[in-house]
Every structure is written in structure tokens, then in C-alpha cells.
Amino acid sequence: MPISGSTGRRSTALAVAAAAALFGTMALPAAAEAHGRGHDKPKYEDLQLLAINDFHGNLEPPAGSSGTINEIDPATGKTVATPAGGVEYLATALRDARKGHPNSLTVAAGDIIGASPLVSGLFHDEPTIEAMNKIGLDVTSVGNHEFDEGSAELLRMQNGGCHPTDGCYEKGRKFKGADFPYLAANVTNEKTGRTLLKPYWVTNVHGVKVGFIGVTLEGTPNIVTAAGVQGLTFGNEVTTINKYAAELKRQGVNSIVALIHEGGLPASNVYNYDCGPAGAGVSGPIVDIARNIDPAVGAIVTGHTHNSYACMVPDPKGVPRSVTSAASFGRLYTEIDLKLDKRSGSIVRPTVTAANHVVRRDVPKAPDLTALLDRYTKLAAPIANRATGYITADINGRGSTALEKPLGDLIADAQLAGLSPADKGGAQVAFMNPGGIRADLVYRATGSEGDGVVTYGEAFAVQPFTNMMQVKTLTGTQLVQVLQQQVSGVNEAAPKVLQISSNLHYTLDLNQAGAARVVVDSIRLNGAPLDPNASYRVAANEFLAGGGDGFPAFTAGTDKLVGASDLDLFNAYLTGHSSASAPIAPPAADRIKVIGVGEDNG
């Protein structure tokens, strides 16, 4: 929904624009205020940006810890978890936020689809694209999860058409695709060098051209299955943005916003905390990226880490610049208010303000989104509502801050149980990547199934990728390398601690550095030390077995056997190991002894 207007004019008063860029306050610079005095026409055009990221197909209000936002209770001063999210409430919140803002654009920083709950994932995320069309999304960057089903499927999301295998889901309805452009400036065809999708999008805000450049993280191939990124090259975020910022400036586009699917780690888990001076309250990859992006970029919208922040991070000239992220799953949106200089055509940087807002559930639902959700919920109901297991209490996965997660242990146990028979691969140990655990199993009923009942839809939310399982033969030495790669190499700065089956135990000493963090002498499989020269049958999903998440040691495995999907094994385990009279209790999560303090970055 581009904002129309007259053709923009390039300013000759570059000194004024340069002066504006040097101010770090939130007030209009005096030079800019004086510029143009005596003219009847307004000097500035206001623009509101409403930003989301990492929605991941969460059309229904997400359950458990995935459906809350931490905030300070003004009455008590204590941190409370506030229920948040759900596309019906998100639509209402965005529509209310736009009131009184004639110039408003809704933008996103990737992972709108992928790793989605059943009501969207069952239909290859067509429902989420339809929902984004309805809530008025104007533009988004791609994220790594947009590549979960490969580039051809991403292009179908953009352009429409029925699924090549499953076809159309309703008689007389054909998927129309996204009304908004997906941007992928740093994703190119490795043979032609051409971008897979548009690198940027330009709209006209009453005479001022505003450009949006969209990128995903350069490391996308490391966190997506090889098939998903086949034939594609992913470029550096900074180099790409600076290249296209220069191209936009040559076209007379001086107001530029970057949409980046890479993020940071805030110092506080409270959504609206104060970042402090010079962005000191946020760390992680986005900080170095932001510090090196061309100062012509007036604001940076980020994602990927599922965190919330609205910070000012210095640009290459040391001038503060807005860098934001709105958590995930539609629980927050960011409001960014800009002033556009109508003469220079640039964003007046000192005037940029940004704040995150909770998508609360005490507001009316948007009727059109309710209708969409009802339509797909009814289509999915025969599968989604089927009971597959029983639990005694919440079993936390995504919501766990521990390195070893109770739900991760349960998943690994399910994989070992399903693949240990000789005709299924003869697995002796199983590993699960923490990032593949997308939700919690929640004891409280989310529908009419009853407390403690796990439905297929809830299990799907935990394991939505439907990765095929593999069993490979690794030596004892290679198994040690797998464990060491959790905390070394590309994972040294942000460890990715694998979830393990109940027959494996070891000590992780976070006071050490790199591979030394794994205490090799402590490793026990079925109570015995690993024999460096012995062969072991190891189960892992195809993503992990293919070296994903920085685990190349898995690729050295031999005698590969492909088994059932991770979701099928998980459901089979829940069904076979629980009943209404004998539900599953949360695992103790005591397989890894952790010494020292670490961060959970799964």
C-alpha cells in the first residue's frame, strides 16, 4: 500500500542535512528549523513505521511462555508476564496505531512464515500470507525461515499459485500470493548473480521518496537445510546494504530504512527497558552491523533473535541511529516516528523516535482476521484436535532458559526410541538441535481437549519442520567432536547445546574456552566411557546430520539410514509412552552437568 504523492525534489542545502545528522537529541536541529522559514509549504513530512518480525505463522494466540511478554507492573514495580499475541489482536493494534497518522507504513524484518503452528504450517503458510495482506503489511525482508521449503516455494509465497504437490486447499480458491514485496538484497543465484527477489522497494510519501532495503543474515545457509538454499549465495549484510543505499541515493532516494533479519541480545528481558547511552544495553551481531551501515540509512529494523529492544546505536560517524526489534510471534509491534525533510528528501535523524508496544488481548478482535482464522481452523480441525499424548505439567522447550531443556530431552528420547530397533537404524544415542524446538508443551487446555492432553496440533507447534530423521555411524572420536562443536568454532561465542537422549551424560565447564569446555573424561554413554575407535549409531534430524548449526562432525558419519520424520517419532512416543492414567512427567534435565554461567542462544 504505497503512499502516493508528488515527485520528490533533491535539496541543494546539503549543509543543513549534514548538520542535522550530527545532532543526537530528539529535538529538531535549529538549523533545520530555520531552513525554509517564511515559506508557506511545510518543511517536513511525518512518517509512521509500524514494524514486526519473526511472526512464524502464529495466527492463533501463542500458548505458554511463547505467548507472554515480560513488562514492569507499574503498581508493584515487579516483572510480570503479560499474555500477548494473536493475529486478531495484532490487526486491531496496528489499525488503532495508524489512526491520526495519514502517512503510515507497516514493515517487517523476516521470518513471517516458517516454523509455524499447524493452522498455518499445514497449509504451507498460505494462511499467514493472507493474514499479512489483511493487516496491511507493506514490505518485508526475507528471513532464514522463508527458505525452509526452498526458493521455489518462497517465490510461490510472493507470486501465488497452488502448491505443486498438495494443490489448492479449497474448491474455488486459488492462493493469490503476497500483496507486499519480499526483499532479498543479499540473496543471489549462484550462477547468474541476480537477486532472487527485489533488493529494495521505494514508495513516495507526498513528494519524498522512501526506500527500504531488505536482507537476511549472511549465515542463513548454516541454519537452513541444504535443500532449502540450494543454488543460492548469501552476501554480507553491511556490504549489501551499503551497495544498495548508494544505488538508491543515485536515484534521488535519500530516505532509506534497512530491514535486517539479524538481531541482538538486550541486557534485560523486559520489553521496554532503557538501552542506555550509545546502545550499551544491546549486544550481538546487529551491533557491529549497525555501526558499519552507511549513515544515509536513517533507521534499522531487525529480527531473528526474538528479542525486543528500541536502542540508539552509533553509525560509522558516531551519530546515534535507531535500531529496533519487536520480539516474535506478533506479541509486540514497534512504532517508529520519522520526519522527512521535503527539500533534501532525507530522514531527519535527530527526530527519530521508536518504542515497542504490547499486542494485548483485552482489545476487540479484528472480525476479518477472525473469519480467516475460523476458516483455516475448521479445515485443520480433524488433524489438529486429535489427542496424541498426556502430560502431568508444562514441559518447557522454547520457553526454557536452561542449556538443557526438559522438552529437548523428551524429543531426543523419542528419537532414540523410534530409531533404536535394528530395522529402523539401530541408533544408540540421539541428538536434537535446540533451535528446532519451537514451542512448549502446555498442561492447560488450549481448546476442548482437556488439561494435560497433548493434541497433534500442539505437537506440531513443537516440531513444525517435519525433518526426516537419519541414523549414521560415527566413531567415538567423532562423537566427542560433535559435543565440542557445541561450544567451539562458529558456536564458540554463542554456544548451541544439543539436547541428548537419556543414556548420554557429560560435564560442560563454561569457565573454560572453546572445545575445552567439554570435559572429555566425563562423557558416559550407557554408563561407560566412549571408545575413540569404536563405532556408534547416532540419530539426528536431517538438518543436524547435514552439518547444520555449525556441526560438521555429523557429516563424517557413514552408513546413513533415513527414517521417519521427527514429528512422527515425537507423536508415536507420546502415544506409546503415556495415557490418561499414566501421563508423562517433565524430564529432570540432569543429563548435562553445567559448571559456570552461560547464555542460552538456541
Practice prompt. Would you mind working out the accessible area per residue for segment 438-494, using a 1.4 Å probe, and quoting it in Å²?
Written response: 35 Å²
Worksheet item: Taking the DSSP beta bridges in the chain as the whole, what percent of them are antiparallel, to the nearest 5?
Response: 65 percent
Worksheet item: Going by accessible area, probe 1.4 Å, with all protein chains left in place, what is the ranking of Asp315, Asp368, largest first?
Response: Asp368, Asp315
Practice prompt. Please list 93-101, 322-330 highest first by mean number of surrounding beta-carbon atoms within 10 Å per residue.
Written response: 322-330, 93-101
Discussion item. Suppose each label sits 7 Å from its Cα in the direction of the beta carbon; what would the Lys560-Ile595 distance come out to in nanometres?
Written reply: 3.7 nm
Worksheet item: Which FRET efficiency value, to the nearest 0.05, do you get for Ser522 and Thr239 by plugging their Cβ-Cβ distance into 1/(1 + (r/R0)^6) with R0 = 35 Å?
Response: 0.20
Item to complete: Work out the length of the dipole vector of segment 382-447 about its Cα centre, built from +1 on the beta-carbon of each Lys and Arg and -1 on the beta-carbon of each Asp and Glu, and round it to the nearest 20 debye.
Response: 240 debye
Worksheet item: So, in nm, how far is label Ala493 from label Asn269 when the simple model puts each one 7 Å beyond its Cα toward the Cβ?
Response: 2.3 nm
Practice prompt. May I ask you to order 247-255, 424-432 by the average number of other C-beta atoms within 10 Å around their residues, highest value first?
Written response: 424-432, 247-255
Worksheet item: For segment 485-599, what size does the Cα cloud have along each of its three principal axes, sorted from largest down, in whole Å?
Response: 46, 33, 28
Worksheet, complete the sentence: Heavy-atom accessible area per residue of segment 514-602, all protein chains kept, 1.4 Å probe, expressed in Å², is 48 Å²
Worksheet item: When ligands, DNA and RNA are left out and all protein chains stay put, how many square angstrom of accessible area per residue does segment 242-400 have with a 1.4 Å probe?
Response: 36 Å²
Item to complete: Pop out the Kirkwood hydrodynamic radius of the chain from its pairwise C-alpha distances, inverse of mean 1/r, in Å to one decimal.
Response: 25.2 Å
Worksheet item: If r is the Cβ-Cβ distance from Asn159 to Ala75 and R0 is 51 Å, what FRET efficiency results, to the nearest 0.05?
Response: 0.50
Worksheet, complete the sentence: Protection proxy (average C-beta count within 10 Å per residue), highest first, orders 290-298, 65-73, 487-495 as 290-298, 65-73, 487-495
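What size of dipole, in debye to the nearest 20, comes out for the chain about its Cα centre when the only charges are +1 on Lys and Arg C-beta atoms and -1 on Asp and Glu C-beta atoms?
Value, rounded to 20: 1760 debye.
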Response to the item:
Applied in sequence order to segment 56-69, the curve 6.51 cos²θ - 1.76 cosθ + 1.60 (Karplus, θ = phi - 60°) yields integer Hz couplings, x standing for Gly and Pro, of 6, x, 7, 5, 7, x, x, 9, x, 5, 5, x, 10, 10
Worksheet item: What translational diffusion coefficient, in µm²/s and rounded to a whole number, does the Stokes-Einstein relation yield for segment 418-476 at 10 °C and a viscosity of 1.306 mPa s, taking the hydrodynamic radius as the Kirkwood radius over Cα pairs?
Response: 114 µm²/s
Discussion item. Run the helix sum for the chain: -39,500 (n - 2.57) per DSSP H stretch of 4+ residues, divided by residue count, reported at 222 nm to the nearest 500 deg cm²/dmol.
Written reply: -6500 deg cm²/dmol
Worksheet item: Got a number for carbon plus sulfur as a percent of the chain's accessible area, 1.4 Å probe?
Response: 52 percent
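The values are calculated or read from the model by the stated rules, or taken from the named source; none is laboratory data. Since the structure is predicted, the reported quantities are computational estimates derived from the model, not experimental observations. Here the Cβ is made from the backbone with ideal geometry for all residues, glycine too, and neighbour counts use every protein chain on show. Note: accessible area is taken over every heavy atom of the protein model, side chains too, but ligands, DNA and RNA are not part of it. Shrake-Rupley method; radii C 1.70, N 1.55, O 1.52, S 1.80 Å.
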